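The values are calculated or read from the model by the stated rules, or taken from the named source; none is laboratory data. What you see is a predicted model; the values in this text were computed from it and never measured. Neighbour counts are summed over all protein chains in view; Cβ atoms, including those assigned to glycine, are modelled from backbone coordinates with ideal geometry. Quick note on the areas: whole protein, heavy atoms, side chains included, nothing else; ligands and nucleic acids left out. Shrake-Rupley method; radii C 1.70, N 1.55, O 1.52, S 1.80 Å.
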Amino acid sequence: MKSDLRITAFVLLLLLAIPVEAQRRNSSYHNYIKKYSSIAVEQMKRYKIPASITLAQGLLESGAGKSELARKSNNHFGIKCHSVWRGRKVYYDDDARGECFRAYRKVEDSYEDHSEFLKSGARYAFLFKLKITDYKGWARGLKKAGYATDPSYANRLITIIEDYELYKYDSKGMSRRELRRWKKLIKKKPWLLNPHQPYLANGLVYVVARDGDTFRMLGGEFDISWKKLVEYNDLHKEYSLEEGDIIYLKKKNKKAQAPYIDHVVRSGESMHSISQMYGIRLKNLYKMNKKKMDEYVPEVGERLRLR
């Protein structure tokens, strides 16, 4: 029953929330990753280009393999002909009308050419000095080197990598020594493998606790004192987090944001769960309803003021 109430509160809060720096996941992206991740890893081992970057570029440039250029010409990276290309050519409108793009016999050829294109290009040489796990450096470097004209190109790549956890594939390109260091780091900071998705509601950033989470782990992930997290969420330090708990990363508001004026108490709700739902400090919720914290228990159907 307790877990059901947490799920209900979470669903209600999600109606008010939007993901922070996250794009909507979709099945076509997952299918693309499943189909081509092994090729990206193979290319990483040969050319030292992070598999996460290769997959993210393939997803973005080809629309998860659904663009016309990808479907008809197997070009998954939007690479244009340039003067050195001697293979088959196709023409599409891009930055200018009728631009020349490379066409490939199969998708694997597109991945191979993408690796060679980056490896042989003088303007991309500085990228190969970065660590294989530095996908953010690679994403920003590709934009800096002029791979794409889109000003948000780097951020879009990073978002895709983090939303779909593509960074996991990069560890397969590490040396044994680097892998040992990475494993030690993951043991110390387990959230690096599966970071929490931040959400925004009521003007506040929050995360949803997962099974096994602790205040110390969340504090380490978001560089916040775990004692502050306890305080921000009106809990006590002995409290054990449970899956579905809503945890705010900053101090809650003194009242609900517009247009929320009041709340009708539902079965199983408490003053604390209501305060979390609307991002209101617990003591303020009691105060605006003229109730005593140690005595009052809300009843089903009762209407509580939120502001």
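Selection of the range 144-162 for residues being open to solvent by less than 60 Å² (accessible area, probe 1.4 Å) and either touching a helix residue (DSSP H, G or I) at 6+ places or on another chain (Cβ under 8 Å) or within 23 Å of residue 177 (Cα to Cα) (or both) yields 145, 146, 147, 148, 150, 153, 154, 157, 158, 160, 161. Residues of the range 228-240 that are open to solvent by 80 Å² or more (accessible area, probe 1.4 Å), closer than 22 Å to residue 285 by Cβ and either part of a helix (DSSP H, G or I) or acidic (Asp, Glu) (or both): 228, 231.
Among the basic types (Lys, Arg) and in contact with a Leu (Cβ under 8 Å, 6 or more places away or on another chain): is that true of residue 156 in this structure?
Working: among the basic types (Lys, Arg): yes; in contact with a Leu (Cβ under 8 Å, 6 or more places away or on another chain): yes.
Judged against the criteria, residue 156 is a match.
Among residues that are free of Cβ contacts under 8 Å to residues at least 12 places away in the same chain, over 22 Å from residue 178 (Cβ atoms) and not acidic (Asp, Glu), residue 82 is included.
For the range 246-259, enumerate the residues that are part of a loop (DSSP other than H, G, I, E, B) and either open to solvent by less than 90 Å² (accessible area, probe 1.4 Å) or at pLDDT 90 or above (or both). Even if it seems obvious, please write down each step before you answer.
The first filter runs over the range 246-259 and keeps only residues part of a loop (DSSP other than H, G, I, E, B), leaving 249-252, 254-259.
Once the filter is applied, which keeps residues that are part of a loop (DSSP other than H, G, I, E, B) and either open to solvent by less than 90 Å² (accessible area, probe 1.4 Å) or at pLDDT 90 or above (or both), the range 246-259 yields 249, 250, 251, 252, 254, 255, 256, 257, 258.
Among the candidates 52, 28, the residue that is among the small types (Gly, Ala, Ser), farther than 13 Å from residue 163 by Cβ and touching a residue at least 24 places away in the same chain (Cβ under 8 Å) is uniquely 28. Among the residues making up the range 260-289, those that are more than 12 Å from residue 204 (Cα to Cα), hydroxyl-bearing (Ser, Thr, Tyr) and open to solvent by less than 60 Å² (accessible area, probe 1.4 Å) are 270, 273, 275, 286. For the range 163-206, taking the residues that are under 26 Å from residue 28 (Cβ atoms) and polar (S, T, N, Q), the one that is least open to solvent (accessible area, probe 1.4 Å) is identified as 171. Considering (1) touching a helix residue (DSSP H, G or I) at 6+ places or on another chain (Cβ under 7 Å); (2) open to solvent by less than 60 Å² (accessible area, probe 1.4 Å); (3) not in a loop (DSSP other than H, G, I, E, B), the lone condition that residue 123 does not fulfil carries the number (2). Residues in the range 44-73 that are among the polar types (S, T, N, Q) and surrounded by 21 or more Cβ atoms within 10 Å (Cβ to Cβ): 52, 54, 57, 62. When the residues of the range 290-304 are filtered to those that are touching a strand residue (DSSP E or B) at 6+ places or on another chain (Cβ under 7 Å) and open to solvent by less than 70 Å² (accessible area, probe 1.4 Å), the one that is farthest from residue 264 (Cα to Cα) is 298.
If you take the residues in the range 131-150 that are in a loop (DSSP other than H, G, I, E, B) and hydrophobic (A, V, I, L, M, F, W, C), which one is farthest from residue 94 (Cα to Cα)?
Of the residues in the range 131-150, the ones in a loop (DSSP other than H, G, I, E, B) are 131-134, 146-150.
Cutting the leftovers down to hydrophobic (A, V, I, L, M, F, W, C) gives us 132, 148.
Numbers: 132: 31, 148: 11 Å.
Applying the filter and picking the extreme gives 132.
Residue 128 meets each of the listed conditions (1) surrounded by 17 or more Cβ atoms within 10 Å (Cβ to Cβ); (2) among the aromatic types (Phe, Trp, Tyr); (3) out of contact with any helix residue (DSSP H, G or I) (no Cβ under 7 Å at 6 or more places or on another chain) apart from (1).
Across the range 101-120, which residue is surrounded by the most Cβ atoms within 10 Å (Cβ to Cβ) among those that are among the charged types (D, E, K, R) and not in a helix (DSSP H, G or I)? Quick ask: steps written out before the conclusion?
Initial filter on the range 101-120 (among the charged types (D, E, K, R)): 102, 105-106, 108-109, 112-113, 116, 119.
Next cut, not in a helix (DSSP H, G or I) only: 102, 105-106.
Values: 102: 25, 105: 11, 106: 9.
Here the residue is 102.
Against the definition (buried (at least 20 other Cβ atoms within 10 Å of the Cβ) and either touching a strand residue (DSSP E or B) at 6+ places or on another chain (Cβ under 7 Å) or part of a loop (DSSP other than H, G, I, E, B) (or both)), how does residue 87 come out, yes or no? Taking the combined requirement at face value, the residue does not satisfy it. Only one of the listed residues (221, 243) is part of a loop (DSSP other than H, G, I, E, B) and either farther than 18 Å from residue 276 by Cα or touching a residue at least 24 places away in the same chain (Cβ under 8 Å) (or both). That residue is 243. Only one of 307, 210 is surrounded by 14 or more Cβ atoms within 10 Å (Cβ to Cβ), at pLDDT below 95 and either at positive phi or more than 32 Å from the chain's Cα centre (by Cα) (or both). Can you tell me which? Being surrounded by 14 or more Cβ atoms within 10 Å (Cβ to Cβ), at pLDDT below 95 and either at positive phi or more than 32 Å from the chain's Cα centre (by Cα) (or both) holds for just one of 307, 210, which is 307.
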